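Accompanying notes for the structure given below.
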Amino acid sequence: MKSGVTPTSVERSLGDDDFIVTKTDAKGRILYANRIFIALSGFTEAELIGSQHNIIRHPDMPRSVFKLLWEHIAAGQEFMGYVKNMAKDGSFYWVLATVTPDRDAQRNIIGYTSVRRKPRTDAIKVAAALYRDMLVTESRAGARDAIDAGSAVLNQALNGKSYEQFVLAL
Ligand SMILES: Cc1cc2nc3c(=O)[nH]c(=O)nc-3n(C[C@H](O)[C@H](O)[C@H](O)COP(=O)(O)O)c2cc1C
């Protein structure tokens with residue numbers, strides 16, 4: 001948890017037609033947030049712009065999921081995944097995020113865009129159970145080995161599928 005916010009059990013939910021959009025620079029600092037993101041996060045636009053995107057990181061999220069995200073997008077690939085986020089008041093909300101690289105005319109990656117929508121409730125249940133297992137394993141492994149240990153749990157659960165195939169199949 002980066003923000004000093006204490007997580008609560010209050011869940012916020014996106015509307016069926018809501019799209020949450022943010023854009024970051026190449027280091028993950030927020031450059032743009034749409035109205036729905038601002039409203040749901042509980043932060044002001046001024047608090048968000050220039051902040052690292054981990055400002056809404058929820059402590060229930062395994063580190064190995066973000067490693068996978070950054071591996072994909074820094075290599076120029078799209079990433080799709082379930083993310084539990086935390087608002088400024090400690091409440092949480094699940095999203096299905098699609099993160100893509102933004103490029104300049106020379107094809108250099110200059111930042112990233114994330115578009116998120118409301119996941120189905122049954123998909124949230126599956127993702128939450130998997131992330132819980134990953135998080136427990138990461139905590140037991142200790143900081144240095146956490147990501148390897150969490151990734152091993154994920155790979156076992158994927159059973160030969162890619163994470164993206166798993167996400168799309170949920
Ligand atoms: C475009 C973009 C969107 C992101 N959206 C989120 C998000 O909604 N929630 C989140 O926790 N991390 C998000 N991240 C990942 C964060 O940059 C960061 O890796 C993550 O919160 C883990 O932070 P930590 O490594 O400091 O613990 C996003 C990154 C990018 C580039």
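The values are calculated or read from the model by the stated rules, or taken from the named source; none is laboratory data. These numbers were taken from a predicted model, which means no experiment stands behind them. Don't worry about glycine lacking a Cβ; one is built from the backbone with ideal geometry, like all the others, and counts go over all protein chains shown. These area figures cover heavy atoms from the full protein model, side chains too; ligands, DNA and RNA do not enter into them. Shrake-Rupley method; radii C 1.70, N 1.55, O 1.52, S 1.80 Å.
The table that follows gives values for the structure above.
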| read-out | value |
| --- | --- |
| Cα→Cβ-extended label distance, 7 Å offset, between ALA74 and GLU164, nm | 1.9 |
| The chain - accessible surface per residue (Å², probe 1.4 Å) | 53 |
| Accessible area of the range 95-146 belonging to carbon and sulfur atoms, whole % at 1.4 Å probe | 50 |
| Volume per residue of the C-alpha convex hull in the range 1-53, rounded to whole Å³ | 90 |
| Pairwise label distance in nanometres, THR100 with GLU11, each label 7 Å out on the Cα-Cβ vector | 3.0 |
| Cut-off under 5 Å, modelled amide H: who pairs with ASP102 long-range | ILE110, GLY111, TYR112, THR113 |
| Within the chain, helix-based [θ] at 222 nm, where runs of 4 or more DSSP H residues each add -39,500 (n - 2.57), nearest 500 | -11500 deg cm²/dmol |
| The range 2-64 and the range 71-108: distance between their alpha carbon centers, rounded to Å | 11 |
| For peptides 91-104, 140-153, sequence by mean Cβ density within 10 Å, most packed first | 91-104, 140-153 |
| Set of aspartates and glutamates with alpha-carbon distance to LYS23 below 17 Å, sequence-local pairs under 8 removed | GLU45, GLU47, GLU78, ASP102, ASP104 |
